[in-house]
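Notes to accompany the following structure.
The values are calculated or read from the model by the stated rules, or taken from the named source; none is laboratory data. All values reported here derive from a predicted model rather than from experimental measurement. Positions of Cβ are backbone-derived with ideal geometry, glycine not excepted, and every protein chain shown enters the neighbour counts.
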Amino acid sequence: MAIFSVYVVNKAGGLIYQLDNYAPRAEAEKTFSYPLDLLLKLHDERVLVAFGQRDGIRVGHAVLSINGVDVNGKYTAEGKEVLEYLGNPANYPVSIRFGRPRLTSNEKLMLASMFHSLFAIGSQLSPELGSSGIEMLETDTFKLHCFQTLTGIKFVVLADPRQGGIDSLLRKIYEIYSDFALKNPFYSLEMPIRCELFDQNLKLALEVAEKAGTFGPGS
Amino acid sequence: MPHFELSAFLMTVHNLYLFDRDGVCLHYSEWHRKKQAGIPKEEEYKLMYGMLFSIRSFVSKMSPVDMKDGFLAFQTSRYKLHYYETPTGVKVVMNTDLGVGPIRDVLHHIYSGLYVELVVKNPLCPLGQTVQSELFRSRLDAYIRSLPFFSARAG
């Protein structure tokens, strides 16, 4: 049971707040000798596995670190290109850690505005009159819950499919937003939320919801 | 489980889309549809396919762990969209009432029991375009009408 992350999207589709609460780690580290028996490929400024799924390393996983040193996109910590480094037999044996690529802040912005559009299309394609946009989206690994306020701000929570009590959590987040962002004289509307009290109270609310939701009814 | 609270209402099936892997709408039928999208049908299919395509990519990026089946369903305040995709890229999309629970087996049957049996195995049905088979249409209609959550609500 877990709440994975929270997004707040303004009425124009811009991401104004994002929090990663809990990220399950699915990583695999392995030592390789030359030649590498995986096919790596550059995609979206990251080095991804394109072929050769094995030992917990899946197609689509990214190179996260080499010999214990973190990799930044397609460059190693020393600024060398990952593919070039792994192409050189002199660098072997080498230990590489693979895992699901983490979202960059740019991607989060993009995904938030993408959801904003999907929300609108969801209501346009409705077979029934007076439908809202997407309120809950279900996949086998997570559920996305969305609450749109009357003023058009969307609160989006990603949680484990079995996590309950998300509807009340979404209302609680709205309350926290009203209390600690809107009432903050230094906060300007529609702009990114940088308020310490908002952060603190949101984290608290997530903790409470995670504990309560375990026994609560499904949402 | 959450789905039982709503089942006191009349449950129903609104409509069904069948897409192939290139986004061609192979079949469309509707039962209780109150509202049309307000655009030509061809445009609606494209919009629906485009939305599903984007949801798929959205969901695969958002997922905290590796996915198996991927996107299953979404719901708004008035309807629920169920999605099923085969490994070959055929997509079955059904819009129902909110009270309907997981119906993967139903969508799978529409694919394997009806589409594969009556269209793929029929040499007179060319693939990759709208299904013309009257047998497929009537069998599909009969199957949907026989579903436990299909109510004969006037509409």
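Quick notes on this structure:
- Members of the stretch A:128-137 found to be crowded, with 21+ Cβ neighbours inside 10 Å and part of a strand (DSSP E or B), listed by number: A:137
- In the stretch A:84-102, of all residues being out of contact with any strand residue (DSSP E or B) (no Cβ under 6 Å at 6 or more places or on another chain) and closer than 19 Å to residue A:58 by Cβ, the one that is nearest to the other protein chains (Cβ to nearest Cβ) corresponds to A:100.
- Of all residues making up the stretch A:19-40, the number that are under 14 Å from residue A:83 (Cβ atoms) and exposed (fewer than 13 other Cβ atoms within 10 Å of the Cβ): 2
- Meets criteria (crowded, with 22+ Cβ neighbours inside 10 Å and away from chain B (no Cβ under 14 Å)) for residue A:155: yes
- Qualifying residue in the stretch A:2-10 (condition: within 12 Å of chain B (Cβ to nearest Cβ), of a type in the set (Val, Ile, Thr) and in a strand (DSSP E or B)): yes
- The C-beta contact set for the stretch A:53-65 (first residue on the phi < 0 side of the Ramachandran plot, second residue surrounded by fewer than 17 Cβ atoms within 10 Å (Cβ to Cβ) and of a type in the set (A, V, I, L, M, F, W, C), distance under 7 angstrom, 6+ apart or interchain) comprises A:53/A:59; A:57/A:28; A:59/A:50; A:59/A:51.
- Top-ranked residue in the stretch A:63-75 [being in a strand (DSSP E or B) and out of contact with any helix residue (DSSP H, G or I) (no Cβ under 9 Å at 6 or more places or on another chain); ranked as surrounded by the most Cβ atoms within 10 Å (Cβ to Cβ)]: A:64
- Residues located in the stretch B:8-65, provided they are of a type in the set (D, E, K, R) and in a helix (DSSP H, G or I): B:41, B:42, B:43, B:44, B:46, B:56, B:61
- Subset of the stretch A:103-120 that is facing chain B (nearest Cβ under 8 Å) and modelled with pLDDT under 95 - its residue that is farthest from residue A:2 (Cα to Cα): A:107
- If you check B:94, B:62, B:51 for being in contact (Cβ under 8 Å) with a residue 24 or more places away in the chain and crowded, with 21+ Cβ neighbours inside 10 Å, only one passes: B:94.
- Residue list for the stretch A:20-47, restricted to those being in a strand (DSSP E or B) and either β-branched (Val, Ile, Thr) or out of contact with any Phe, Trp or Tyr (no Cβ under 8 Å at 6 or more places or on another chain) (or both): A:31, A:40, A:41, A:42, A:43, A:46, A:47
- Reported count of residues in the stretch B:65-86, each being facing another protein chain (nearest Cβ under 8 Å), touching an Asp or Glu at 6+ places or on another chain (Cβ under 9 Å) and farther than 25 Å from residue B:22 by Cβ, is 5.
- Residues (among the charged types (D, E, K, R), in contact (Cβ under 8 Å) with a residue 24 or more places away in the chain and either buried (at least 16 other Cβ atoms within 10 Å of the Cβ) or more than 20 Å from residue A:132 (Cβ to Cβ) (or both)) located in the stretch A:168-193: A:172, A:190
Conditions tested, residue by residue: (1) among the small types (Gly, Ala, Ser); (2) within 19 Å of residue B:146 (Cα to Cα).
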{"residue": "B:28", "(1), (2)": "no, yes"}
{"residue": "B:34", "(1), (2)": "no, no"}
{"residue": "B:44", "(1), (2)": "no, no"}
{"residue": "B:54", "(1), (2)": "yes, no"}
{"residue": "B:64", "(1), (2)": "no, no"}
{"residue": "B:77", "(1), (2)": "yes, no"}
{"residue": "B:91", "(1), (2)": "no, no"}
{"residue": "B:107", "(1), (2)": "no, yes"}
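- Identity of the residue in the stretch A:48-62, in a loop (DSSP other than H, G, I, E, B) and more than 13 Å from residue A:101 (Cβ to Cβ), that ends up farthest from the other protein chains (Cβ to nearest Cβ): A:52
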